[in-house]
Amino acid sequence: GNSVTQMEGPVTLSEEAFLTINCTYTATGYPSLFWYVQYPGEGLQLLLKATKADDKGSNKGFEATYRKETTSFHLEKGSVQVSDSAVYFCALSDNSSNTGKLIFGQGTTLQVKP
Amino acid sequence: DTGVSQNPRHKITKRGQNVTFRCDPISEHNRLYWYRQTLGQGPEFLTYFQNEAQLEKSRLLSDRFSAERPKGSFSTLEIQRTEQGDSAMYLCASSSSPGFSPLIYNEQFFGPGTRLTVL
């Protein structure tokens, strides 16, 4: 079945450091891929998405490229800020099912220290 | 506020009691989803509605769980005879349908969730 695997956290970085959170997936068909972010005390928010191979999603300085050959969708940011501290979830939607349901990874906690 | 709302935000109950949660989606969205999130895990899909029709249910949704969306607007999720293992955050999300092409994705907007604690 479809699944998503993320690197375990927490990831602790100093402000302005480079961020990578690894995400790999297993899916049938042609999934769309997403990164969601959950700030403390808030609901899930879509951070970025990519709907086909080689697409690059980007938002708020974060980027991720849909790599079909390596079944990966790693999240990167060149310079993190304290305000980026949150839990990040990688997810996929199997478009062939037409329900749009999301399958999430277990989440990676990011802590950015000043 | 035009976002997804959920009530109550927190619910504490004793084992064996019934609980009901409500989700109000974004008004023009015809798709509605319920997910469950336990501590340290990502959300897991429970069920999906298109308008008032419940089109898919996860195996996670035991017969103690029932969900409705009677008029294709708000939805309720009821858990009967709660167990301690039901303690979790219950998330609701809504979206509009994709176009005729299944490859056109429509973003799911999540509510803040209802945190259930079963004592």
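Just so you know, all these numbers are worked out from the coordinates, no wet-lab data involved. Worth saying up front: this structure is predicted, and the values here are computed from it rather than measured. Methodologically, a virtual Cβ is constructed for each residue, glycine included, from the backbone with ideal geometry; neighbour enumeration extends over all protein chains shown.
The table below lists the values:
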quantity: Lysines with Cα under 20 Å of residue A:49, excluding same-chain neighbours fewer than 8 positions away; calculated: A:60, A:68, A:77, A:101
quantity: Placed amide H near residue A:47: partners under 5 Å, 5+ positions off or other chain; calculated: A:35, A:36, A:37
quantity: Within the range A:16-114, GluC sites (Glu not before Pro) in DSSP loop having at most 15 other beta-carbon neighbours inside 10 Å; calculated: A:16, A:42, A:69
quantity: Note, ³J(HN,Hα) from phi for the range A:61-76, Karplus 6.51, -1.76, 1.60, rounded to Hz, x at Gly and Pro; calculated: x, 8, 9, 8, 10, 6, 10, 6, 5, 10, 6, 10, 8, 6, 8, 9
quantity: Relative contact order of chain A, pairs being alpha-carbon contacts under 8 Å that are 6 or more residues apart, as %; calculated: 37 percent
quantity: Farthest positive-ward along the protein assembly as shown dipole, Cα basis, beta-carbon charges - from A:98, A:44, B:60; calculated: B:60
quantity: Residue-count net charge about residue A:21 - beta-carbon cut-off 13 Å; Lys, Arg +1, Asp, Glu -1; calculated: -3
quantity: Radius 15 Å from Cβ of residue A:73, net charge of other residues (Lys, Arg +1; Asp, Glu -1); calculated: 0
quantity: Local net charge near residue B:17, Cβ-Cβ under 12 Å (Lys/Arg +1, Asp/Glu -1); calculated: +2
